[in-house]
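The values are calculated or read from the model by the stated rules, or taken from the named source; none is laboratory data. None of these values were measured; they are calculated from a predicted model. Cβ coordinates were reconstructed from backbone atoms using ideal geometry, including for glycine residues, and neighbour counts include every protein chain displayed.
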Amino acid sequence: MGFAALMLQMFLIGVGLSMDAFAVSISNGLSMKKITLKKALPSAVAFGVFQGMMPFLGYLLGAGFADFIQSFDHIIALVFLGFIGGKMIYDGIKELVEDKKAKADGDIKPTKEEKKLGFGALIVQAIATSIDALVVGVSFVAMQVTFTDVVFSVLLIGCTTFVISLIGVFMGKKFGELLGSRAEIVGGIILVGIGLKVFIEHVFLGG
């Protein structure tokens, strides 16, 4: 396979791998009250780095390690994304209840500060959405791809995910403006849904 054909294939793989990261980025954007490039970059960088790093790790460690990871990667995704998403749903419902109670009592609630996505939570999201990309790295070995082509491939996959995730954050913000105070609940449902999707695909569809 020529270099150009390989890069096209890796770009398409990058787009496919980045879909979960894209959905999670939308979820992250939903919770932002004000969106700036500075706020959007951490999410996009985390997803791009891990989505590119996982195939490279899979290439270095080989098929044996990838088979081991595949035996429980769906559980990691379900637990991590389910926990973060569940907390978002809980916090969102709690805030809605407090808002309704305040309106019923005639109180004027002070404007709440924007909830920031912590570094730890962001890394958990990035790992949960990229761990299945290890298998792509193993396929490099089967395809007998040179080390140089592997480096270019993982960089392309990472950059593709970065751009798509960045777009996702800004799209999430737009949806958040439409959803108002329910945005955090919707964001949590998205995260839980992705975790369930990964789990179901693995257990019932052999993904």
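For the reader, a short list of remarks on this structure follows.
Residue by residue, here is whether (1) crowded, with 16+ Cβ neighbours inside 10 Å; (2) under 13 Å from the mean Cα position of the chain (by Cα) holds:
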{"position": "ILE26", "(1), (2)": "yes, yes"}
{"position": "MET32", "(1), (2)": "yes, no"}
{"position": "THR36", "(1), (2)": "no, no"}
{"position": "LEU60", "(1), (2)": "no, no"}
{"position": "ILE75", "(1), (2)": "no, no"}
{"position": "GLY85", "(1), (2)": "yes, yes"}
{"position": "MET88", "(1), (2)": "yes, no"}
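- Among the residues listed as LEU178, LEU155, the single one being on the phi < 0 side of the Ramachandran plot, in contact (Cβ under 8 Å) with a residue 24 or more places away in the chain and not aromatic (Phe, Trp, Tyr): LEU155
- Against the test of being surrounded by 15 or more Cβ atoms within 10 Å (Cβ to Cβ), of a type in the set (A, V, I, L, M, F, W, C), modelled with pLDDT of 75 or more and touching a helix residue (DSSP H, G or I) at 6+ places or on another chain (Cβ under 8 Å), the options ILE123, ILE93, ILE127 yield a single qualifying residue, ILE127.
- Residue within segment 141-149 that is surrounded by fewer than 18 Cβ atoms within 10 Å (Cβ to Cβ), at pLDDT 80 or above and over 22 Å from LEU60 (Cα atoms) present: no
- Condition met for PHE22 (of a type in the set (Phe, Trp, Tyr), surrounded by 15 or more Cβ atoms within 10 Å (Cβ to Cβ), out of contact with any Leu (no Cβ under 7 Å at 6 or more places or on another chain) and closer than 15 Å to PHE170 by Cα): yes
- Candidate set from segment 150-193 (those that are of a type in the set (Gly, Ala, Ser) and at pLDDT below 80); member that is surrounded by the most Cβ atoms within 10 Å (Cβ to Cβ): GLY187
- Close pairs from segment 29-46: first farther than 14 Å from GLY187 by Cβ, partner part of a helix (DSSP H, G or I) and small (Gly, Ala, Ser), Cβ under 6 Å, at least 6 apart: ALA44/SER165; ALA46/ALA126
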